[in-house]
Amino acid sequence: MDIQQQMRPPSPMDLEKQLSCPICLEMFSKPVVILPCQHNLCRGCASDLYDSKNPYHYSGGVFRCPTCRFEVVLDRHGVYGLQRNLLVENIIDIYKTQLERKGSDEPRPEEPPLKDKDAKAPRCTEHEDEHINIYCVTHQTPTCSMCKVFGQHKDCEVSPLQAVYQSQKTELRGAVETLATGNACLQAVMAQMEDTCKAVQENGALQKRRLGESFDLLYAILEERKALLVERVTHEEEEKVATLRSLSEAYKAQLETSASLQQRVTQSMEKSGVAEFLVAAKGLISEAKETALGGRLERPEPGYESMEHLVVDTGDVEALLAQMDFGDAGDEEDEDEEQEEEEEE
C-alpha cells in the first residue's frame, strides 16, 4: 500500500504548481526563459523585473532570481539573451492538450463535486440552515438569501459570490504582484547595504593606512595623537556599519513578513473555497497593501560610505617640524636680521 502511494503519479494541481511562474503565480506563458541558476520565468515577467532594476535601459544589467536570489548578469541583449526552456514549453503544451481532451463537462480532479462543496460551505450565523451564497456589496460581507429577503441585508445591494470572488481574487493577485515587486526591491536594497558595508570597511582601512603614513613622519612625539585619530576612524566605521546592519536587519524582517504573507495569500487562493476565501479576502487584501507600503524603510543618504572628512594633512606640521630649532638661536638670528636692515637703511 505504501509503495503504491509513493509511486502514485503527481496530481494536476502538483503539476501546475511546478509549472507556475514565481512572479505572476500563473502557469508559465511562452516563451519561457531559463536563468543561469536553472530556475524559470516567463519572458514577460523577467522583462518587467529587469526593467524595474534598469529604468534607464542601459545596455546589459543585473537582477536577482526571485526564487534563490542568484544574481543574473545580462548582456546587451537583455532578457532576450537568455536561453528559452523548450522542454518546459513542450510540457505545458502537452498538459494543456490533455486538459482539453478531457472536455469541459468532466470535473477537475482537484475540484470536489458540487454537493461536497455545498456541504463544506460556511453557514449563515443568523440562519443556521442557510448556506452563504450571496455577497452584500453595501456592508462588504458574504451572507445568505434569507438575510437579503427578511434579514438585516434586505435593503442592501447584493451580488453573486462568483462575481465578487473573481473581482477580489484579481485585486488580491495584483496585491501579490506588488508584494513580489516589493520583495525584489527589498532584496536589491539589502544587497546594496552589503556593498555599502564593504565600501565603508574598505574606506576605513584606507584612512587607517593614510593616517599611518602621515604619523610615521612624526615618530614617537605624535604617536598618542595618531592613536586617538585612528580610534575616531574606527569608531565612525563601526558606527556606520552598525547602522547599516541594523537597517539590513529591518529590511530582512520586512522581507520575511512579506514572504510569509505572500505564502498565506497564495494558499488562501489555492486551497480555500469561494465563500471561505471571501470571508478572509478583505483582511488579506488590507494586510497585503499595508505590508507593501511598510517596505519603504529608511535608507542611508548618498555618500554615506565616504570617510574623506577624516583625512589628515601633515604638510604644515612637517614644515613646522623641519624649521624647529633652539629658541635662543632663533632669537639671535632675528636680531641679526634686524640689525642688518637698520644698517642698510
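The numbers here are math on the coordinates, done by the rules we state, and not lab data. On a predicted model such as this, the values are computed, not experimentally measured, just so you know. Neighbour counts run over all protein chains shown; Cβ positions are idealised from the backbone, glycine included.
For the pair T141 and E256, a Förster radius of 41 Å applied to the C-beta separation gives a FRET efficiency near 0.85, rounded to the nearest 0.05. With 28 Å as the limit, the listed pairs K30/K252; K198/K289; K102/K271 have K30/K252; K198/K289 beyond it between alpha carbons. What the phi angles of the range 240-248 give under the Karplus curve with 6.51, -1.76 and 1.60, with θ = phi - 60°, is a coupling list of 5, 4, 4, 5, 5, 4, 5, 5, 4 Hz, glycine and proline written as x.
Simple spin-label estimate for K154 and V62 gives 6.8 nm between the two label positions (7 Å along the Cα-to-Cβ direction from each Cα). According to the calculation over all Cα-Cα pairs in the range 238-324, the P(r) per 5 Å bin from zero is 3, 11, 14, 12, 9, 9, 8, 7, 6, 5, 4, 3, 3, 2, 2, 2, 1, 1, 0 %. Placing a label point 7 Å from the Cα of E318 along the Cα-to-Cβ line, the residues of the range 199-237 whose backbone N sits under 20 Å from it are 206-227, 229-230. Couplings 3J(HN,Hα) of the range 308-316, computed from phi: 5, 6, 9, 6, 10, 9, 9, x, 5 Hz, in residue order, whole Hz [Karplus 6.51 cos²θ - 1.76 cosθ + 1.60, θ = phi - 60°; x for Gly and Pro]. Using 0.36 nm per residue and subtracting the Cα-Cα separation, the extra length available between K226 and Q38 on full extension is 62.4 nm.
The fraction of Cα-Cα pairs per 10 angstrom bin, counted from 0 for the range 177-322, comes to 10, 28, 19, 15, 11, 8, 5, 2, 1 percent, rounded to whole percents. 3J(HN,Hα) along the range 183-199: 5, 4, 5, 4, 5, 5, 5, 4, 5, 5, 4, 4, 5, 5, 4, 4, 5 Hz, from the Karplus curve 6.51 cos²θ - 1.76 cosθ + 1.60 with θ = phi - 60°, whole Hz, x for Gly and Pro. Packing, taken as the mean count of other beta carbons within 10 Å per residue, orders the peptides 315-321, 205-211 from highest to lowest as 205-211, 315-321.
Amide H to amide H under 5 Å from G61: which residues, 5+ apart in sequence or cross-chain, H placed 1.01 Å off N in plane? Excluding prolines and chain starts, which carry no amide H, the hits are L74.
With neighbour counts taken as other beta-carbon atoms within 10 Å, the residues V73, V200 rank, fewest first, as V73, V200.
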